[in-house]
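What follows is a short report on a single structure.
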Amino acid sequence: QMDKARVSIVAIAIGVALVVSSSYTLGLFEGVEHMLEDLLVSAKPVSTDVIILAIDDLSLQRIGQWPWPREIFARALSLLEKNPPQVVGVDVIFSETSGRGDADDAILHDTLKTLSYPVVFPAEASPLLLPTNELQQAGSSLRPLSLFTKLKQVALGHVNLILDRDGIVRKFPAEVVFYDSGQEKKIRAFGYEILKQGAYQIPDEETLGVIPRIVYAAPAGSIRSISFSRLLAEGGEAGKIAKEGLQRLSE
C-alpha cells in the first residue's frame, strides 16, 4: 500500500511538472508574467535636455500635407546648427526619391554634408526573423536612399520592436543583421545608435543581450515635445540632446 501511494505521489508530481513546463513553453503564463513585471515599473526623472520635435497636427496645418518636401527637413537641420545638438535622430525613412524631383533630394543631401553633428536615420527589417538566442535578421529591408546614407554624418539604426500578445512593446532587438549586396551588416537599434553617435556611455553594454527588456522611464508624453513647426518659426532654439540626465534604456 505504501509503495503504491509513493508511486502515485511521484506520478502526480511528474504530471504537474510536465503541465507547468508545457504551459511556460506554450506561453500560457505569459500574460500573468508581463502583468507582474509591469507592476514593478516605476516612474523615473526624465531629463528636460531630451527633446522630441513632433510632426503633429499643428505642423501639418502650418507646413502642409504629408509627405513634406525634403527641403523642410534640410531647413530644420540647418537651423539646429545655431545651437548644435549632440546628435539628432530623424524617424522618417526617406526610402524613395522625392516626389518633387531630384533637386529636392539634393537640398537635403547638401545640407547633411555641412552638419557639425551626426544624424541617425531609421531602417526597418520587413519581415524581422527571430531565431532563438541569435542575432535577429532582416528578411528584407526598408532603408533611406544611399544618396543620404553614404555620407559620413549619417548613421543607420533599425526601428524594429517586438510586440507582445497584449499589444505592448517591452523588448527590442539590440542589433539586426541586414544584407547589402550579399554582405551582412549589423545595424543597432535606433535609440541605441543615437546614444553611440552622441558618444554616450551605455550602462551594462557588455551584458545588454540579444533582446533586452525596455525599462520605461515614465508614461507616454513625459518627454518634452515641441512642434516641428515651432522650430522653423523660432529658428533653432529648440531641440538638443545633452549628456546630463540620460535614462537607462534597458537592463
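Values computed for the structure shown
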read-out	value
Checking Leu112 against (1) under 30 Å from Leu80 (Cα atoms); (2) open to solvent by 20 Å² or more (accessible area, probe 1.4 Å), the condition it does not meet	(2)
Which numbered condition Ile107 misses (of (1) open to solvent by 40 Å² or more (accessible area, probe 1.4 Å); (2) β-branched (Val, Ile, Thr); (3) within 24 Å of Val50 (Cα to Cα))	(3)
Which numbered condition Thr149 misses (of (1) among the hydroxyl-bearing types (Ser, Thr, Tyr); (2) in contact with a Ser or Thr (Cβ under 9 Å, 6 or more places away or on another chain); (3) open to solvent by 40 Å² or more (accessible area, probe 1.4 Å))	(2)
Residue among Ala74, Ala54 that is at pLDDT 95 or above and under 20 Å from Glu234 (Cα atoms)	Ala74
Among (1) more than 19 Å from Ala74 (Cβ to Cβ); (2) of a type in the set (Phe, Trp, Tyr); (3) in a loop (DSSP other than H, G, I, E, B), the one test that Tyr117 misses	(1)
Verdict on Val176 being closer than 24 Å to Pro85 by Cβ and either crowded, with 17+ Cβ neighbours inside 10 Å or not hydroxyl-bearing (Ser, Thr, Tyr) (or both)	no
Residue list for region 86-104, restricted to those being within 18 Å of the chain's Cα centre (by Cα) and open to solvent by 90 Å² or more (accessible area, probe 1.4 Å)	Asp91
Matching entry among Asp49, Asp56, Asp105 (being under 30 Å from Glu184 (Cβ atoms) and among the charged types (D, E, K, R))	Asp105
Selection status of Leu195, hydrophobic (A, V, I, L, M, F, W, C) and either free of Cβ contacts under 8 Å to residues at least 12 places away in the same chain or in contact with an Asp or Glu (Cβ under 8 Å, 6 or more places away or on another chain) (or both)	no
Lone unmet requirement of (1) in contact with a Pro (Cβ under 8 Å, 6 or more places away or on another chain); (2) more than 30 Å from Tyr200 (Cα to Cα); (3) among the aliphatic types (A, V, I, L, M) for Ile63	(1)
Top-ranked residue of region 62-81 - restricted to ones that are within 11 Å of Ser229 (Cβ to Cβ) and touching a residue at least 60 places away in the same chain (Cβ under 8 Å), ranked as surrounded by the fewest Cβ atoms within 10 Å (Cβ to Cβ)	Arg62
When residues of region 207-239 are limited to those that are open to solvent by 80 Å² or more (accessible area, probe 1.4 Å) and modelled with pLDDT under 75, the one farthest from Asp49 (Cα to Cα)	Thr207
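Results for (1) part of a loop (DSSP other than H, G, I, E, B); (2) under 23 Å from Glu96 (Cα atoms); (3) at pLDDT 95 or above; (4) more than 20 Å from the chain's Cα centre (by Cα), shown as yes or no for each residue.
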| position | (1), (2), (3), (4) |
| --- | --- |
| Ala106 | no, yes, yes, yes |
| Asp110 | no, yes, yes, yes |
| Pro144 | yes, yes, yes, no |
| Leu151 | yes, yes, yes, yes |
| Ala155 | no, yes, yes, no |
| Asn160 | yes, yes, no, no |
| Pro173 | yes, no, no, no |
| Phe178 | no, yes, no, no |
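Let's see how each residue does on (1) assigned to a loop (DSSP other than H, G, I, E, B); (2) closer than 20 Å to Pro67 by Cα; (3) at pLDDT 95 or above:
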site: Pro122; (1), (2), (3): no, yes, yes
site: Pro131; (1), (2), (3): yes, no, no
site: Lys185; (1), (2), (3): no, no, no
site: Ile202; (1), (2), (3): yes, no, no
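The values are calculated or read from the model by the stated rules, or taken from the named source; none is laboratory data. Here the structure is a predicted model, which is why all the values come from computation and not from measurement. Cβ atoms come from the backbone with ideal geometry, glycine included; neighbour counts cover every protein chain shown. Only protein heavy atoms, including side chains, enter the accessible area calculation; ligands, DNA and RNA are left aside. Shrake-Rupley method; radii C 1.70, N 1.55, O 1.52, S 1.80 Å.
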